[in-house]
1. Please name all residue pairs, on different chains or six or more residues apart, with Cβ atoms under 9 Å, provided the first residue is in the stretch 50-65 and is closer than 20 Å to Gln127 by Cβ and the second residue is in a strand (DSSP E or B) and of a type in the set (D, E, K, R).
2. Please count how many residues of the stretch 82-110 are open to solvent by 40 Å² or more (accessible area, probe 1.4 Å), assigned to a helix (DSSP H, G or I) and under 19 Å from Ser51 (Cβ atoms).
3. Hey, any hits in the stretch 103-120 for a residue that's closer than 24 Å to Lys12 by Cα and among the hydrophobic types (A, V, I, L, M, F, W, C)?
4. Looking only at residues that are open to solvent by less than 50 Å² (accessible area, probe 1.4 Å) and part of a loop (DSSP other than H, G, I, E, B) in the stretch 54-78, which one is modelled with the lowest pLDDT?
5. Pick from the stretch 121-146 the residues that are among the small types (Gly, Ala, Ser) and either out of contact with any His (no Cβ under 9 Å at 6 or more places or on another chain) or outside any loop (DSSP other than H, G, I, E, B) (or both): which of them is surrounded by the most Cβ atoms within 10 Å (Cβ to Cβ)?
6. Given the condition under 10 Å from the mean Cα position of the chain (by Cα), at negative phi and not in a strand (DSSP E or B), answer yes or no: does some residue in the stretch 27-44 qualify?
7. List every residue pair whose Cβ atoms sit under 7 Å apart, with the two residues 6 or more apart in sequence or on different chains, where the first one lies in the stretch 22-41 and is under 19 Å from Ile80 (Cα atoms) and open to solvent by 30 Å² or more (accessible area, probe 1.4 Å) and the second, anywhere, is part of a loop (DSSP other than H, G, I, E, B) and among the aliphatic types (A, V, I, L, M).
8. On the basis of being outside any loop (DSSP other than H, G, I, E, B), within 22 Å of Leu113 (Cα to Cα) and open to solvent by less than 50 Å² (accessible area, probe 1.4 Å), does Ser51 make the cut?
Amino acid sequence: MVFLQLWYMLAKTLAENAAWKFAKENGIDLVSINPGLVIGPLLQPILNSSSGYIQSLLNGGQTFPNVVYRFVDVRDVALIHIKAFEVPSASGRHCVVGHVKHVSEALEILRSLYPTLSIPEKCEDDQLPAPTHQISQEKAKSLGIEFTPLEVSLRDTVESLKEKGFLKV
């Protein structure tokens, strides 16, 4: 990914840094929520970038990118925002990720759920899959979050894309 395509992430990082600085200077108890790639049912009538990524994988392309994504269900993100407000012990940064998976693993799940869809089976490069990593769920779980299974999130994303007319099946 070219640096110019990372402006959104940079803006989010700068905004969070400013919020932490402001909170420290003004004695505010701040909790920040930093979700991964948010998937699940769409609330809005337009396509957001996260769901657009899933849609792009299902549009009949021949290859998929060699990337690892940090998936989280939108309902889990909403719940952790509520819990961060309601649970007095909530503090600090919360990196909210339900599942760290190579895109090929997510596509395999989608193939099993939607065998008639044209889902790419070949990686765009001949390299080995990008290494996976893990992100601690300890802080999220301490607030009572049980992450939605990836199969459910992916299915609900596709069903929502179909319902909103963003995916023809």
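1. These pairs meet every condition: Gln62/Lys122; Thr63/Lys122; Phe64/Lys122.
2. 1
3. Looking through the stretch 103-120, at least one residue is closer than 24 Å to Lys12 by Cα and among the hydrophobic types (A, V, I, L, M, F, W, C).
4. The qualifying residue modelled with the lowest pLDDT is Gly60.
5. So the first thing to find is which residues in the stretch 121-146 are among the small types (Gly, Ala, Ser), and the list is 130, 136, 140, 142, 144.
Among the residues that remain, those that are also either out of contact with any His (no Cβ under 9 Å at 6 or more places or on another chain) or outside any loop (DSSP other than H, G, I, E, B) (or both) are: 136, 140, 142, 144.
Numbers: Ser136: 10, Ala140: 25, Ser142: 13, Gly144: 12.
Taking the candidates together, the pick is Ala140.
6. yes
7. If the second residue must be part of a loop (DSSP other than H, G, I, E, B) and among the aliphatic types (A, V, I, L, M), the pairs left are Val31/Ala90.
8. yes
The values are calculated or read from the model by the stated rules, or taken from the named source; none is laboratory data. It should be emphasised that the depicted structure is a prediction, and the values quoted were computed from it without experimental measurement. So basically every Cβ, Gly included, is an ideal-geometry build from the backbone, and we count neighbours across all protein chains shown. The accessibility values were calculated without ligands, DNA or RNA, using every heavy atom of the protein model including side chains. Shrake-Rupley method; radii C 1.70, N 1.55, O 1.52, S 1.80 Å.
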